[in-house]
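Written out below as structure tokens is the structure these notes cover.
The values are calculated or read from the model by the stated rules, or taken from the named source; none is laboratory data. All values reported here derive from a predicted model rather than from experimental measurement. Because the Cβ atoms are built from the backbone with ideal geometry, glycine has one as well, and the counts that use them run over all protein chains shown. Each accessible area value is taken on the protein alone, full model and side chains, heavy atoms only, with ligands, DNA and RNA left out. Shrake-Rupley method; radii C 1.70, N 1.55, O 1.52, S 1.80 Å.
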Amino acid sequence: MNVFRRSLFYISRKKGQTVVLFLLFNIVSVFLISSFSVLDATGAVAKDLRTSVGGAFYLRPSPKLDFKDGQIAGAEGPPPAISEDVIEEIMSGGNIKYCNALNYGYARSDAVNFIPGSGHNDESNMGKVAAMHYTSFADQFMEGKLELTEGRHLTQEDQNKVLISEQLATANKLKVGDSIRFTHAGLEREDGEYKDSIPEKSAFSQAEIAGIYKEVVPQAGDADSPTPGRGENLIFSDHSLLLELEEANDRQYTGEVNFYVADPLLLRDITGKVEKMDAIDWGQYSLRENDFQYAKIADSLSSIQNLTRILITCISIVSIVVLILILTMRIRGRVHEAGILLAIGKTKREIVCQFVLEVFAVFLLAFLCATLVAYATSGGLEHLLLGGLPQTNIDLGAIETGLASNMGTKAYLQIGGVTTLLLFLCQAAAMGIAVVVSCGVIFSLNPKEILTKMS
């Protein structure tokens, strides 16, 4: 009977020992495959965070407060505009991928009936305009309060394009591709009534609807807001609209200016340089950083990676020790069998090969089953370990298309073929070494000594 047949015969005869060995290999393999998959997944998440999430800092108007006679007095007039030259100087520092400069104004149109607000009348029939380079960077979209349902977002290349709400589009039977003629407007209140502060119209602009959005989270206080203050009447546009309506100056921005950096680790260094710029009146503007919770996510990923490495180390050490103990006990009980084989002319090498083949056959079947189990549970494991990590709606690589993507939709925890193969080879090598070490009792005895023990 050759080595292969003797191995299979022993496995089929010793069912109890075979099952115990199978379960040991299976459990260890499942944990190791899953652990290495978690390591690969956290590494991929960390890489995507560095390349996609980025970070941002916001240059926003901040009222200058003065103290007079123990009282706080607000600043007179709006803060000065941020010029394109200042923005270019900030951008020239490097590592800033996008800039989103904002202006605000009002617009009316004879073709649009805005959703009525508090104290609605013909003169207050207007909407608020938020003009910017990239509408996908607007806080409402980034925070998930608004969602684009038709068309696309606006980018810096657009001219005379707008986004309007579903309610406004439905109320006026408008759709993507339609054109609206706007005129300038201003909102003021006199004798308790809202009025248009620009009664004589001299500026007009024709704008095309590029997209339609819906409110995911209704704006609080809409019922008490005047018509242009209602969320449904908010119009997002490129900067050409307010320029043509004479409500903004070219290359000048009175709203906030937001800068998006490619690497969140550089955010602090970049803002430190900006704060030293004399071109910005820091009494009128403030700077706020936002790493899109990168630090929190990175800490969570680091903790998961450290725990996984500890788990892999513990599993490896414990499994090798247990395996050697089990195999040593198993092989010591087969000294008589080894003696008989030696007596009929089998070499020690053949005997060890038989023992290795027995264990390898069980290991191979256990590893295949472990791979299937790890694959079946990978989705639940990813949700358990990575599902609680904060996600972001920012993808700096998708802004130029006018569409933003969500990093959280990507499946990170996957059973990689290369990693699984390497793990199989490493476990097989460790198993072979463990069998050889366990066979030390046979190598240390000559045939005469083994036969003497048999008697």
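Among the protein heavy atoms, those of Lys201 account for about 70 Å² of accessible surface (1.4 Å probe, every chain in place).
Close amide H partners of Leu187, meaning residues 5 or more places away or on another chain with modelled amide H under 5 Å apart, are Ser197. Residue order by solvent-accessible surface for Leu422, Leu301 is Leu422, Leu301, largest first, with ligands and nucleic acids left out and a 1.4 Å probe.
Of the GluC sites (Glu not before Pro) found in segment 164-269, those in coil by DSSP whose Cβ has at most 10 other Cβ atoms within 10 Å are Glu200.
With protein chains left intact and a 1.4 Å probe, residues in segment 106-245 average 45 Å² of accessible area per residue. A simple rule links phi to the HN-Hα coupling: the Karplus curve 6.51 cos²θ - 1.76 cosθ + 1.60 with θ = phi - 60°, which for segment 372-383 gives 5, 5, 4, 5, 5, 9, 5, x, x, 5, 5, 5 Hz, with x for Gly and Pro.
For segment 325-341, backbone phi angles converted through the Karplus equation (6.51, -1.76, 1.60; θ = phi - 60°) give residue-by-residue couplings of 4, 5, 5, 4, 5, 5, 6, 4, x, 10, 4, 4, 4, 5, x, 5, 4 Hz, Gly and Pro being listed as x. Placing a label point 7 Å from the Cα of Phe360 along the Cα-to-Cβ direction, the residues of segment 331-351 whose backbone N falls under 18 Å of that point are 347-351. Note on surface exposure: Lys276, Lys97, Lys195, Lys15 rank Lys276, Lys15, Lys97, Lys195 by accessible area, highest first, 1.4 Å probe. Here's how it looks for Gly211: its modeled amide H is under 5 Å from those of Arg152, Val162, Ile164, which are all 5 or more places away or on a different chain. Stretched out straight at 0.36 nm per residue, the stretch from Val318 to Leu421 would grow longer than its current Cα-Cα span by 34.9 nm.
Entry note, the chain: the mean residue ellipticity at 222 nm calculated from DSSP H runs of n ≥ 4, each adding -39500 (n - 2.57), is -14500 deg cm²/dmol after division by the residues and rounding to the nearest 500. For Ser37, the solvent-accessible surface with a 1.4 Å probe is about 10 Å², rounded to the nearest 10.
Counting 0.36 nm for each residue step from Thr377 to Val436 and taking away their Cα separation leaves a gain of 17.8 nm. Length gained on full extension, Phe9 to His120, computed as 0.36 nm times the residue gap minus the Cα-Cα distance: 30.8 nm.
Amide H contacts of Val261 (H built 1.01 Å from N, in plane; Pro and chain starts excluded): Gly55, Ala56, Phe57, Lys97 sit under 5 Å, all sequence-distant by 5 or more or on other chains.
Ile212 sits among other residues whose Cβ lies under 12 Å from its own Cβ, and their net charge, with Lys and Arg +1 and Asp and Glu -1, is -3.
Placing a label point 7 Å from the Cα of Arg189 along the Cα-to-Cβ direction, the residues of segment 216-252 whose backbone N falls under 17 Å of that point are 221-231. Contact order for the chain, expressed relative to its length and based on alpha carbon pairs under 8 Å spaced 6+ residues apart, stands at 28 percent.
The apolar share of the surface of the chain, taken as the fraction of accessible area on carbon and sulfur atoms (1.4 Å probe, ligands and nucleic acids excluded), comes to 57 percent. Taking each of Lys145/Lys276; Lys161/Lys273; Lys97/Lys273; Lys175/Lys201 in turn, the alpha-carbon distance tops 24 angstrom for Lys145/Lys276; Lys161/Lys273; Lys175/Lys201. Computed from backbone phi, the HN-Hα couplings of segment 189-202 come to 10, 9, 6, x, 10, 7, 9, 8, 6, 10, x, 8, 8, 9 Hz, rounded to whole numbers (Karplus: 6.51 cos²θ - 1.76 cosθ + 1.60, θ = phi - 60°; Gly and Pro given as x).
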